[in-house]
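The values are calculated or read from the model by the stated rules, or taken from the named source; none is laboratory data. Since this is a predicted model, take the numbers as computed values, not measurements. So basically every Cβ, Gly included, is an ideal-geometry build from the backbone, and we count neighbours across all protein chains shown. The area values use the complete protein model at the heavy-atom level, side chains included, leaving out ligands, DNA and RNA. Shrake-Rupley method; radii C 1.70, N 1.55, O 1.52, S 1.80 Å.
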Amino acid sequence: MTASELRDMYLSFFQSKGHAVISGASLIPENDPTVLFTTAGMHPLVPYLLGEPHPSGKRLCNVQKCIRTGDIDAVGDASHLTFFEMLGNWSLGDYFKEEAIAWSFEFLTSPQYLGFRPEQLHVTVFEGDADAPRDDESVAIWRKLGIGDSRIYTLPKEDNWWGPAGKTGPCGPDTEMFIDTQPNAGAGRPGQGGGRFFEIWNDVFMQYEKKDDGRYVPLLQANVDTGMGVERTVTMLQGRTSVYETELFAPLLAAIGDGASVRMDANAEATKAYRVVADHVRSSVFILGDERGVAPGNLGQGYVLRRLIRRAVRYARAIGLKEGFFKPLAEGVIDGYKAVYPELGARRDHILMELAAEEGKFEKTLDRGTAELGKVIENLKAHGQTTLSGRVAFRLYDTCGFPLEFTEEICGEQGLAVDRVAFDKAFDQHRDVSRQGMEQAFKGGLADNSEMTTRLHTATHLLHKALQTVLGEHVKQKGSNITAERLRFDFSHPDKMTPEQVAQVEAMVNQAILDKLPVSMSVMAVEQAKENGAMALFNAKYGEQVKVYAIGGYSLEVCGGPHVLNTAELGRFRIVKEESSSAGVRRIRAVLE
Ligand code: SER
């Protein structure tokens, strides 16, 4: 079964169980400051998991593109990827464990669907702790379906609990499904490493909301959130041992082989390098090709993208790929996926241009770092030294962007060692500092539905409209990030705003507040919304029902909500800062006082 057949079969299976198929969301989360990227299908659904009604009903399913870079160091093994597709089905306060698990089992084992043998299936369940009890219900359901006790494992929170990557929000125990790839290997269990058990699906039972103070409070509505990895599942369906042997990667690896001077099977390092290049090219293409368009940079999503591209260059060099190697690889990814993700085809030139530009910048960095390092080495040798200090290696890494591997390689050629221990120490200190920075930057948010974030969310709609009125119709939302303290709004506009324009926009928003405009919501088909002139990203598919928020006669926008009932609730709006976010994109920070 191919990935394309799997996607179709999954969606039609859940349609037959009363689910509406909804579009996948952008990789760049909207209004959710707790994560940089959409890491699972549930992310765009957080407001609905917390109780907002969804316009398509209580049973939903889709295919969601996801980015997760937390395990970037594991990329290169059989199953870890930084970009992957997730199939998901959701119950918003509708069915719960009984149906969710039974449907997972049916889809996995029925000969009409995936047809795995029930004996291949191993499952894990939450063992319970001080926050929540052991999930005996799930254990009982699996038993009833015929999974023997020897194939049901209970594990702690770190294995069998799921919540959003952010610290607060909907969460709960989960049950994970694994395929045993070496049934004759004797004892062993999922989660032990070694690649024997391939995790393919996760059913999360969202019964709790984790609060700011760390408490787990039962949710008013118990939800189901499931996620099945497309790449991993087709790997198992095709009887392969790694995701790279499927049709999703084989052409990409062959293209890498065409340009490389080392064969993929030459040794373990070469295999890893091929896989890392393939994975990172795919992720970079999807991030650059996203509807919300991100470019490499030094902050947030742009920084993650920059790291992926540069890491790809580094591994590409190790297998002898020459400058300009991105083009044929990225074209292969775009062509392979554009039927399912048309945004990639539409942004083809942008993707290729940015990859080439970032590769060029990195080459310059490398040249500069090499020259710098050359001077240091000369100096060391002149003084009869044999070791490059960790401090200098870290400075090269931190301020010149020069990778440690390169420093080690060049020093090695000159018969010098590098103080790796001291480098690691400096690196860890730096990482702690930047982690703290990240957490501060992404604290709180609309995901919590608080009064203040809701107000700022409505103010964001007013701002969007005012910007279009003052600056022109070319203004399009590029990103929105709301915390309890402020809103941040990114939009396309070529120039810095003049102080007059800023004042004009502020005045328009404040006028809309003074006018005490009512906010109302209606549900309609996406075509209708478009016809009515609603602002939106319009990545919804034809015929899909969407929520449209009207603020008096002032603004009309497709949006998941929530919003205040009247603009009179907002207070005074003030723009704190207008600055550049990336090329052609401006960023506004504003507050309500
Ligand atoms: N959110 C869960 C996961 O990512 C299920 O979709 O595993």
Among F198, G259, W161, flag the residue with its Cα farthest along the positive direction of the charge dipole of the chain, charges on Cβ as +1 for Lys/Arg and -1 for Asp/Glu.
-> G259
Quick one: Debye curve from the alpha-carbon atoms of the chain only, equal weights, vacuum; give me log10 I(q)/I(0) at q = 0.06, 0.07, 0.08, 0.09 Å⁻¹ to two decimals.
-> -0.35, -0.47, -0.62, -0.79
Ignoring everything but the protein chains, give the 1.4 Å probe accessible area of I377 in square angstrom, nearest 10.
-> 10 Å²
Pairs to check: K58/K530; K97/K211; K65/K322; K17/K97; K361/K478. Give those whose C-alpha atoms are more than 18 Å from each other in this structure.
-> K58/K530; K97/K211; K65/K322; K361/K478
Unit charges at the beta carbon, dipole of segment 312-385: most positive-side option, T365, A339, L380 | L380
Ordering of 289-297, 378-386, 560-568, 263-271 by packing [mean C-beta count within 10 Å, highest first] | 289-297, 560-568, 263-271, 378-386
Distance cut-off 13 Å, percentage of C-alpha pairs in segment 85-151 lying past it | 70 percent
State the volume of the convex hull built on the alpha-carbon positions of segment 262-319, expressed per residue in Å³ and rounded to an integer.
-> 63 Å³
Computed E for M452/K530 - FRET, C-beta separation, R0 22 angstrom, nearest 0.05 = 0.10
Within the accessible area of the chain, what % is carbon and sulfur when the probe is 1.4 Å and the other protein chains stay in place?
-> 51 percent
Hey, with R₀ at 25 Å, roughly what FRET efficiency would E158 and A339 work out to, going by the Cβ-Cβ distance, to 0.05?
-> 0.05
Project the alpha carbons of segment 470-510 onto their principal axes and report the range along each, largest first, in whole Å.
-> 28, 22, 16
Selection from S582, F14, S284 lying farthest towards where the dipole of the chain points positive, charges on Cβ | S582
Could you give the size of the charge dipole of the chain about its Cα centre, using +1 on the Cβ of each K and R and -1 on the Cβ of each D and E, expressed in debye and rounded to the nearest 20?
-> 920 debye
Determine the per residue accessible area of segment 110-213 with all protein chains present and a 1.4 angstrom probe, expressed in square angstrom.
-> 46 Å²
When the Debye formula is applied to the Cα atoms of segment 468-593, each taken as the same point scatterer, what base-10 log of I(q)/I(0) results at q = 0.16, 0.18 Å⁻¹?
-> -0.89, -1.12
